[in-house]
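For reference, the structure discussed in these notes is given below.
The values are calculated or read from the model by the stated rules, or taken from the named source; none is laboratory data. Just so you know, these numbers come straight off a predicted model, no measurement behind them. Ideal geometry is used to build each Cβ from the backbone, glycine not excepted, and the neighbour counts take in all protein chains shown. Note: areas computed on protein heavy atoms with side chains; ligands, DNA, RNA excluded. Shrake-Rupley method; radii C 1.70, N 1.55, O 1.52, S 1.80 Å.
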Amino acid sequence: MSRRISTLGILALALMAGFARPGLARSAEAQAAPAPTTAEAQRFVSEAEALLLDLWIEAERASWVQSTFITQDTEILAAQANARKNAATAELAKRATRFDGLSLPPDVARKLKLLKLSLTLPAPSDPKENAELAGIVAGMESAYSTGKYCPGGEAPCVDLQEISDTMARSRDASQLAALWRGWHATAPPLRDEFARYVELANKGARELGFADTGAMWRSKYDMQPDDFAREVDRLWSQVKPLYDSLHCYVRSNLARTYGSTLVQEGKPISADLLGNMWAQDWTNIYPLVAPKGGDPDFDLTERLRANSYDAMKMVRTGERFFTSLGFAPLPDTFWQRSMITKPRDREVVCHASAWDIDWLDDLRLKMCVEIKAEDFATVHHELGHNFYQRAYSTQPPLFRDSANDGFHEAVGDTLALSITPPYLKRLGLIEREPDPSADIGLLLNQALDKVAFLPFGLLVDQWRWKVFSGEVTPERYNGAWWELRRRYQGVVAPVPRSEADFDPGAKYHVAANVPYTRYFLATILEFQFHRALCEAAGYQGPLHRCSIYANPEAGRRLKAMLEMGASRPWPDALEALTGQRQMDAGAMRGYFAPLERWLGQQNTGHACGW
Ligand code: X8Z
Ligand code: ZN
């Protein structure tokens, strides 16, 4: 690492000092400079890649330490490293405009484009403002991760994990509302900081030639930002009928538990009754909505515990799925350096993530694993990131990323779709495969996760896009959030809200500046991937019964796409795996078709919608 810094020191110093920058602002200088050449562009790109790689690794190490040991110092160190990375990237992106309009080899042109889009936090050129922005984001992530609800009296303070575990099980409406309110009370202190973050990030985005930060995020999909927004709407309209049916069925079942005063037909559902803080995953209320006569009659959480699974065994089992497909086992350093359980002696960011510290094979998982079905799926999700990272590690640095961010989120979830009863039997977790009549229960459970998630996956960034564009100003942050939650999810807040609240900040990705549309895309894509891999495996039959476990052909197909990284526009990667060039919810609708028919029957006579 030190060797690389010394050879690149001159370019780095030039960047930090802000000289030798034939950017747009320096028109007189630019006119005087000789015309750019292909050779110069090639040299620029390779030097930029080497410099960025060093800065990425440095920022990654600092962020790892912050996330696994939150203190004031680690937060400052991470913010500083991120500020350095962001400043250098923004500066390089501006310098790259020198080559605009030049006819370049496709690889070089693509790298220049990716360089301009690589930041999720666009740095303003003023070093003070850049440092302030990086500091705010690090601070918001720490504040979110250390948030507690203190009910008062004798009751101890509880963190998000403890609150979530109670919310998953409790059927006591007043307790649920109190927990919901308690967690959301951690967010108002972030409101002013968030508004300042929006202002500074927008300044950085505009300096880079984007209308605002939201437009910059939407530009990462190999199409015009407005076209991407329309594409997302198109996908939502493909799946909305399925969501509406599920919402209707769940609401009428919840009314049986909570009474028809609290849960009313034709009205939105109270957001605290769905088993999850954000009503984004409803699997915890499966017992309240289980189909009579169509229930698989096993509970994966209970089965994992009965079979003495611990965090290590959960992760080892996830790894084995990947190795069964022909991927090499995780390196020893993964097991030495990962954080897979919640430490008792310090504050950490428990929100799960997967890392590749050196952009080669220093892969790590950071997760506070609990022994439950939800975390078994999340382990596969995270390992999907790790195996993707390793698959593209032989690409040049600017191509070491997924085809688009939805792909990164979809890989592990695709494998998790193969956690079918025969697979669980193979693991020894269940003794008998449930009767085919239980398929409705299995599909319903899956829909409470995947279908229920869709509108939430969509609305988080619908809100942020409006905030970044200025359509939603700080005075309307919370009101606009609830308009969207009501419109898309059909949920309402369980307790009165006002602009003194900041409910979006009670979600990790808002506090930590992580774009969210990626999860909406992933939910659609994973069914496309699953269908294609099942076909490659020669499987015939209903998609919800297909498992690609240990199928070498499916493994080869998946690996080939992962190895492409970001070297080609995402439709090429999608085509390599599925033969399709469009994201398409048809596979998801097909997967759930038997359930959709069944829901239609259950909903007859009910007034659906809200
Ligand atoms: O944030 C995540 C992963 C890490 S990339 C655990 N997910 C979203 C969330 O928790 O809100 C996975 C599903 C959606
Ligand atoms: Zn993820």
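Below, the figures for the structure above:
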{"quantity": "Helices (runs of 4 or more DSSP H) wholly inside the range 164-246 that include at least 2 residues being closer than 17 Å to D461 by Cβ", "calculated": "191-207, 213-218"}
{"quantity": "Subset of the range 570-605 (residues that are of a type outside the set (G, A, S), crowded, with 17+ Cβ neighbours inside 10 Å and part of a loop (DSSP other than H, G, I, E, B))", "calculated": "M583, D584, F592, N603"}
{"quantity": "Unmet criterion (only one of (1) more than 24 Å from the chain's Cα centre (by Cα); (2) within 15 Å of ligand 1 (Cβ to nearest atom); (3) not polar (S, T, N, Q)) for M314", "calculated": "(1)"}
{"quantity": "From the options F387, F407, F453, residue that is under 26 Å from K220 (Cα atoms) and either out of contact with any Leu (no Cβ under 9 Å at 6 or more places or on another chain) or among the acidic types (D, E) (or both)", "calculated": "F453"}
{"quantity": "Test for D107: is it in a helix (DSSP H, G or I), within 25 Å of H509 (Cα to Cα), of a type in the set (D, E, K, R) and open to solvent by 10 Å² or more (accessible area, probe 1.4 Å)", "calculated": "no"}
{"quantity": "Output for the range 233-247, where each listed residue is open to solvent by 10 Å² or more (accessible area, probe 1.4 Å) and either in contact with a strand residue (DSSP E or B) (Cβ under 8 Å, 6 or more places away or on another chain) or hydrophobic (A, V, I, L, M, F, W, C) (or both)", "calculated": "W236"}
{"quantity": "Helices (runs of 4 or more DSSP H) within the range 1-98 that include 1 or more residues out of contact with any strand residue (DSSP E or B) (no Cβ under 9 Å at 6 or more places or on another chain) and at pLDDT 95 or above", "calculated": "38-68, 72-96"}
{"quantity": "Meets criteria (of a type in the set (S, T, Y) and either open to solvent by less than 10 Å² (accessible area, probe 1.4 Å) or modelled with pLDDT under 95 (or both)) for T186", "calculated": "no"}
{"quantity": "Subset of the range 212-260 (residues that are polar (S, T, N, Q) and more than 22 Å from P287 (Cβ to Cβ))", "calculated": "T213, S219, Q224, S237, Q238"}
{"quantity": "Filter result (hydrophobic (A, V, I, L, M, F, W, C) and open to solvent by 30 Å² or more (accessible area, probe 1.4 Å)) within the range 248-277", "calculated": "L262"}
{"quantity": "Residue selected from the range 402-446 under the condition among the hydroxyl-bearing types (S, T, Y) and more than 17 Å from N551 (Cα to Cα), by the criterion least open to solvent (accessible area, probe 1.4 Å)", "calculated": "S402"}
{"quantity": "Matching residues in the range 471-507 - criterion: being within 15 Å of ligand 1 (Cβ to nearest atom) and out of contact with any helix residue (DSSP H, G or I) (no Cβ under 6 Å at 6 or more places or on another chain)", "calculated": "R485, K507"}
{"quantity": "Of all residues in the range 516-531 being more than 14 Å from W236 (Cβ to Cβ) and open to solvent by 10 Å² or more (accessible area, probe 1.4 Å), the one that is farthest from ligand 2 (Cβ to nearest atom)", "calculated": "R531"}
{"quantity": "Helices (runs of 4 or more DSSP H) (entirely within the range 273-360) containing at least 2 residues that are touching a residue at least 40 places away in the same chain (Cβ under 8 Å) and β-branched (V, I, T)", "calculated": "311-324"}
{"quantity": "Tabulated pairs, the range 370-398, first aliphatic (A, V, I, L, M), second part of a loop (DSSP other than H, G, I, E, B) and within 16 Å of ligand 1 (Cβ to nearest atom), C-beta under 7 angstrom, 6+ apart or interchain", "calculated": "V379/V369"}
{"quantity": "Single match in R476, R364 (criterion: in contact with a strand residue (DSSP E or B) (Cβ under 6 Å, 6 or more places away or on another chain) and either closer than 26 Å to L599 by Cβ or open to solvent by 10 Å² or more (accessible area, probe 1.4 Å) (or both))", "calculated": "R364"}
{"quantity": "Yes/no for S338 being more than 16 Å from ligand 2 (Cβ to nearest atom) and buried (at least 19 other Cβ atoms within 10 Å of the Cβ)", "calculated": "no"}
{"quantity": "Answer residue from the range 387-424, given it is outside any helix (DSSP H, G or I) and farther than 20 Å from D107 by Cβ and is farthest from ligand 1 (Cβ to nearest atom) among those", "calculated": "T420"}
{"quantity": "Residue that is of a type outside the set (K, R), within 14 Å of ligand 1 (Cβ to nearest atom), assigned to a loop (DSSP other than H, G, I, E, B) and open to solvent by less than 30 Å² (accessible area, probe 1.4 Å), where the choices are V379, V369", "calculated": "V369"}
{"quantity": "Every pair of residues 6+ apart whose Cβ atoms lie under 6 Å, when the first sits in the range 120-149 and is free of Cβ contacts under 8 Å to residues at least 40 places away in the same chain and over 16 Å from P504 (Cα atoms) while the second is part of a helix (DSSP H, G or I) and among the small types (G, A, S)", "calculated": "Y149/G182"}
